[in-house]
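Student: Before anything else, here's the structure in question.
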Amino acid sequence: MARAPRAPRLSAAKVAYHTKQLGKMFARSGDIPFLQLIWATDALQSDRVEAAGAFISYPQQAADSSIGSPFAVHRWELETLVIQLFLTAKQEIHEGANLNLNCSKFASIRETVNRLRSLENVEAGLYLADGVFDIFSEMHRIAQRQFHWQRGYLNLPQFYRYLFVYGQGQCGQYFRERYGLTTSEFALAAFAYFASYQRTPWIGRTEAPEIGLTHAILESALPMMSIQVEEARARSADDVARINEQHGRPVPTAYLPSVLRRSPLIFQQANPNLFIAPIPEIILMRATSGLYYDLIGGGQALLNEANDRFEQYCTQYISTMMPRFEVGRAFRYGPHAAPIDSPDVLVKDTGRVVLVAECKATKLTYLAQFAEDPFEAQKKQYHQISRGIFQLWRFFSHVRQGIVDLQLAPSTYAMVLTLDPFAMMSRSLRASIIEEARRLTDQEGNIAAEDRRNVIVCPIAELEQVLHTSNEDIFLGSLQAAQQEQYAEWQFREVHRDTEAGRNFGPSRQFPFDLGELLPWWTATQQLAQEGAGPQPGVEGAPALAG
């Protein structure tokens, strides 16, 4: 007779036990040796086996970059381990023998990450069992933690998109005046250091004047990317305390804030000219999406400009990838005393509107990603999505009433395009967003049920991926498929992949824009490589950006 599944043993005591056991490991490890172990593990499982081998001994099976390997240690777990390292006080050194974690062996990281997983599992089991929220809400948090790492930051769209949105105009001027270098120069320093960290965990103040990486640029860029290890400890403690207070209860271990997002390079007070990047790819995050944190102090005017550039980027991307379409930006209509803006992007096919989209560059705050009820915790962010849906419904109403003179196609689709991935996998979150949109719509009045069409909420990164495996007809087919009930809970990219045309499109199309337009040094480095000028300090061995 088969045994019935045994319910997991869940208790606060179990959480305390695993927390204590994990803390012992960090207490017995020096900060710098453990950070080097993190770097070596990342290198080992990122096809940089030769570089890792100089710093860590490992079983051959651990040199595997596939996400499903039984030896895999994921980057989101490595980042969580660094957080826990900084939050754990060191054990006092006594006379005689002291227990230490051997940071030169893969076995140590495996033991540590398995203990971390045990802690995360009992924590999740406990708070899911108490009925605070359902598994789909938890899936939203898991997606926010993991999906950005699975997509990665070493790609052309990531660099181009954020430099286009945050690196030009008033935003670029503010950045230059405040930090003493341009966003392009900051990206150069970041990319050069990222490339160097592919070979070694330790980098000094490396200059490369032949590609424009000067001493002056480094002196401005390094303080923006680096932090002294004791300061990292203090800031981590402060960040966690602040987030827990805002959240109203302790945030689970898996979702604690990371000091590496702002400061991916760590140094010791005794040697401020030597830096380690435990997870090098976070450097690229810092120089792209992380530019937001450098600009937020400039006030609403800068954020408005960034939003306008995001609308421009979405328009240009669709237009370039889908040349049959006529793609335009918002226009104003209605009475002169109270004009109304049309949707941000209008896409026409043979003269009729086939797609309208609102663009929201609103940045997801920490609690908007990881609170138990992100909608209630950060209403301001999610109300922007609700308002976008309302604006689209109002537009359809105005077309129906003849207030705006446009011809719609028999099927005209609606989207809210976001710079950040807002509604990932949570039914309750989507329901709250739609409910708020309905409230706004009811207040407006005269918006009929037929105007309240299905609206696809889609991160721009996903739309980019869809457009790279589409032509105009395939794209319209995927939009049509997304209206079906069977795809109600699906992300648009996954709907596209599930269609026959999306599956069978063939090789992905190339990225349509020239990164050299925004980063002049990118063109220079490509020319040096083509001319065979030899290895360049700071960029030798740099991996190519994926298109």
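The values are calculated or read from the model by the stated rules, or taken from the named source; none is laboratory data. Everything numeric here is computed off the predicted structure, so don't read it as measured data. Ideal geometry is used to build each Cβ from the backbone, glycine not excepted, and the neighbour counts take in all protein chains shown. Heavy atoms of the whole protein, side chains included, go into the accessibility calculation; ligands, DNA and RNA do not. Shrake-Rupley method; radii C 1.70, N 1.55, O 1.52, S 1.80 Å.
Student: For region 447-505, give me every one of the helices (runs of 4 or more DSSP H) that falls completely inside it and has 3 or more residues that are open to solvent by 20 Å² or more (accessible area, probe 1.4 Å) and free of Cβ contacts under 8 Å to residues at least 60 places away in the same chain.
Tutor: Result: 472-481, 492-498, 500-503.
Student: Of the residues 392, 417, 440, which is over 23 Å from residue 334 (Cα atoms) and either at pLDDT below 95 or surrounded by 17 or more Cβ atoms within 10 Å (Cβ to Cβ) (or both)?
Tutor: 417
Student: Within region 282-338, can you find the residues that are of a type in the set (Val, Ile, Thr), more than 22 Å from residue 169 (Cα to Cα) and open to solvent by 50 Å² or more (accessible area, probe 1.4 Å)?
Tutor: Result: 320, single match.
Student: If you don't mind, another one. Residue check: is residue 403 in contact (Cβ under 8 Å) with a residue 60 or more places away in the chain and either touching a helix residue (DSSP H, G or I) at 6+ places or on another chain (Cβ under 7 Å) or assigned to a helix (DSSP H, G or I) (or both)?
Tutor: So residue 403 does not fit the description; no.
Student: Which residues, counting only those in region 253-267, are farther than 14 Å from residue 191 by Cα and either assigned to a helix (DSSP H, G or I) or open to solvent by less than 10 Å² (accessible area, probe 1.4 Å) (or both)?
Tutor: Scanning region 253-267 gives 253, 254, 255, 259, 260, 261, 263, 266.
Student: Which numbered condition trips up residue 270, out of (1) within 30 Å of residue 46 (Cβ to Cβ); (2) open to solvent by 40 Å² or more (accessible area, probe 1.4 Å); (3) in contact with a Pro (Cβ under 7 Å, 6 or more places away or on another chain)?
Tutor: (3)
Student: Something else now. Could you please find all residues in region 424-435 being without any contact (Cβ under 8 Å) to a residue 60 or more places away in the chain and either in a loop (DSSP other than H, G, I, E, B) or open to solvent by 20 Å² or more (accessible area, probe 1.4 Å) (or both)?
Tutor: Within region 424-435, 430, 431, 432, 434, 435 meet the criteria.
Student: Residues being assigned to a helix (DSSP H, G or I) and open to solvent by 30 Å² or more (accessible area, probe 1.4 Å): count how many of those fall in region 349-375.
Tutor: 2
Student: Additional query: Please specify each residue of region 44-60 satisfying the condition of being assigned to a helix (DSSP H, G or I) and closer than 20 Å to residue 116 by Cβ.
Tutor: If the condition is that a residue be assigned to a helix (DSSP H, G or I) and closer than 20 Å to residue 116 by Cβ, then 44 is the only one that fits.
Student: Looking at this structure, is residue 391 in contact with a strand residue (DSSP E or B) (Cβ under 7 Å, 6 or more places away or on another chain), without any contact (Cβ under 8 Å) to a residue 40 or more places away in the chain and assigned to a helix (DSSP H, G or I)?
Tutor: no
Student: When residue 156 is evaluated against the numbered criteria (1) within 19 Å of the chain's Cα centre (by Cα); (2) at pLDDT 95 or above; (3) under 14 Å from residue 516 (Cα atoms), which criterion, by number, is the only one it fails?
Tutor: It fails just one condition, (2).
Student: Return the residue satisfying two criteria in turn: it lies in region 506-529 and is polar (S, T, N, Q), under 28 Å from residue 49 (Cβ atoms) and open to solvent by 60 Å² or more (accessible area, probe 1.4 Å), and of such residues it is modelled with the highest pLDDT.
Tutor: Top of the filtered list is 508.
Student: Right, here's the next one. Just a yes or no: is a residue in region 206-227 in a loop (DSSP other than H, G, I, E, B), without any contact (Cβ under 8 Å) to a residue 12 or more places away in the chain and farther than 30 Å from residue 368 by Cβ?
Tutor: Within region 206-227 (the criterion being in a loop (DSSP other than H, G, I, E, B), without any contact (Cβ under 8 Å) to a residue 12 or more places away in the chain and farther than 30 Å from residue 368 by Cβ), the answer is yes, since at least one residue qualifies.
Student: Follow-up. Which one is modelled with the lowest pLDDT, of the residues in region 75-98 that are closer than 24 Å to residue 202 by Cβ and not in a helix (DSSP H, G or I)?
Tutor: Across region 75-98, the extreme among qualifying residues is 90.
Matching residues to (1) open to solvent by 50 Å² or more (accessible area, probe 1.4 Å); (2) of a type in the set (Asp, Glu); (3) modelled with pLDDT of 90 or more:
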residue	(1), (2), (3)
3	yes, no, no
10	yes, no, no
19	yes, no, yes
26	no, no, yes
31	no, yes, yes
34	no, no, yes
38	no, no, yes
50	yes, yes, yes
54	yes, no, yes
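Student: Separate question: Counting just the residues of region 140-194 that are charged (D, E, K, R) and crowded, with 20+ Cβ neighbours inside 10 Å, which one comes out farthest from residue 45 (Cα to Cα)?
Tutor: So the residue we want is 185.
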